[in-house]
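Have a look at this one before I ask anything.
The values are calculated or read from the model by the stated rules, or taken from the named source; none is laboratory data. Please read all numbers here as calculations on a predicted model, not as lab measurements. Here the Cβ is made from the backbone with ideal geometry for all residues, glycine too, and neighbour counts use every protein chain on show. We work out accessible area using only protein heavy atoms, side chains counted, and drop any ligands, DNA or RNA first. Shrake-Rupley method; radii C 1.70, N 1.55, O 1.52, S 1.80 Å.
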Amino acid sequence: MKIGIIGAGNIGGNLTRRLTALGHEVSVANSRGPHTLTDLAEETGATPVEVGEAARDAEIVVVTIPVKAVPDLPAGLLHGAAEGVAVIDTGNYYPQQRDGRIAAIEDEGLTESRWTERQIGHPVIKAFNGTYAQDILDRPRPAGDPDRLALPVAGDDEAAKAKVRALIDELGFDTVDAGGLDDSWRQQPDTPVYGLRAGVAEVTKALAEASPERKPEFRG
């Protein structure tokens, strides 16, 4: 599968490592330009590209950048993507710690991924946002293994969600359907499932126990 990854930080870098190892054709981009990705490209065989080229012909695109950087993505980012491209948003809104206040999230009550979806003009699937980056390398397990971790996945496009869940299964993790994108507050920072290393039953329980109320430290 052809996969584009926008963002080469901890999550983006480790997804690049795993997905290339699984045989996928990966293009990776960051805000600083392809010349800064030489080492990652040599390590993995991924193709470093400009951000505007990352989605070209891609069946899956991973957007894994700070929320505050999403509006700076180039217009028409997904115009050259494959038909039916699934876009994964791994982002988290940290208003006090990093991103500043985003009015649509604070005042309109948008989930952070719904806001991201509006910025890029394409449906997104929220996944990997509460996953420890090192676990992507260290914690894959075969299906049925009692120690296999489960990741919550939220989104409105059922076909795209199925594609993303199949990819996560290939990476060595179970998934739990966390509902539509307006339900994705259940996996935002400081919810019970955020950073939870557990299987399907515990992840399902944690999603059900989440509160939509953001604590003061996570409000702008």
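With each pseudo-label sitting 7 Å past Cα toward Cβ, what's the Tyr132-Asp147 distance in nm, one decimal?
With each label point 7 Å from Cα toward Cβ, the separation is 1.3 nm.
With all distinct Cα pairs included, what does the Kirkwood hydrodynamic radius of the range 142-219 come out to in Å, to one decimal, could you say?
After inverting the mean inverse Cα-Cα distance, the result is 13.0 Å.
Give me the percent of the accessible area of the range 19-74 that comes from carbon and sulfur atoms, probe 1.4 Å, all protein chains in place.
Heavy-atom surface of the range 19-74 belonging to carbon and sulfur, 1.4 Å probe: 45 percent.
Label the range 81-157 by shape, choosing from rounded, prolate and oblate, from the square roots a ≥ b ≥ c of the eigenvalues of the Cα gyration tensor; if a/c is under 1.5 it is rounded, and otherwise prolate applies when a/b is larger than b/c, oblate when it is not.
oblate
Expressed in nm to one decimal, what extension gain is obtained for the pair Glu25 and Glu217 from 0.36 nm per residue of sequence separation less their Cα-Cα distance?
65.1 nm
A further question on this structure: With runs of 4+ DSSP H residues as the only contributors, calculate the mean residue ellipticity of the chain at 222 nm using -39,500 (n - 2.57) per run, divided by the residue total and rounded to the nearest 500.
-8000 deg cm²/dmol
Show me, bin by bin at 5 Å from 0, the whole-percent P(r) of the chain based on Cα pairs.
Reading the bins upward from 0: 1, 7, 16, 20, 21, 17, 11, 5, 1.
Considering all projection directions equally, how large on average is the shadow of the alpha-carbon convex hull of the range 4-59, in square nanometres?
Across all orientations, the range 4-59 yields a mean hull projection of 3.3 nm².
Which whole number of Å³ per residue matches the convex hull of the alpha-carbon atoms in the range 1-108?
102
Sticking with the crude label model, points 7 Å out along Cα→Cβ, report the distance from Asp107 to Asn10 in nm, one decimal please.
For the pair Asp107/Asn10, the computed spacing is 3.3 nm.
So how far, in whole Å, is the C-alpha centre of the range 154-184 from the one of the range 11-29?
So the separation of the two Cα centres works out to 18 Å.
Now a separate question. Give me the one-decimal nm value for the distance between modelled label points at Val200 and His79, 7 Å along each residue's Cα-to-Cβ direction.
Simple spin-label model gives 4.3 nm for this pair.
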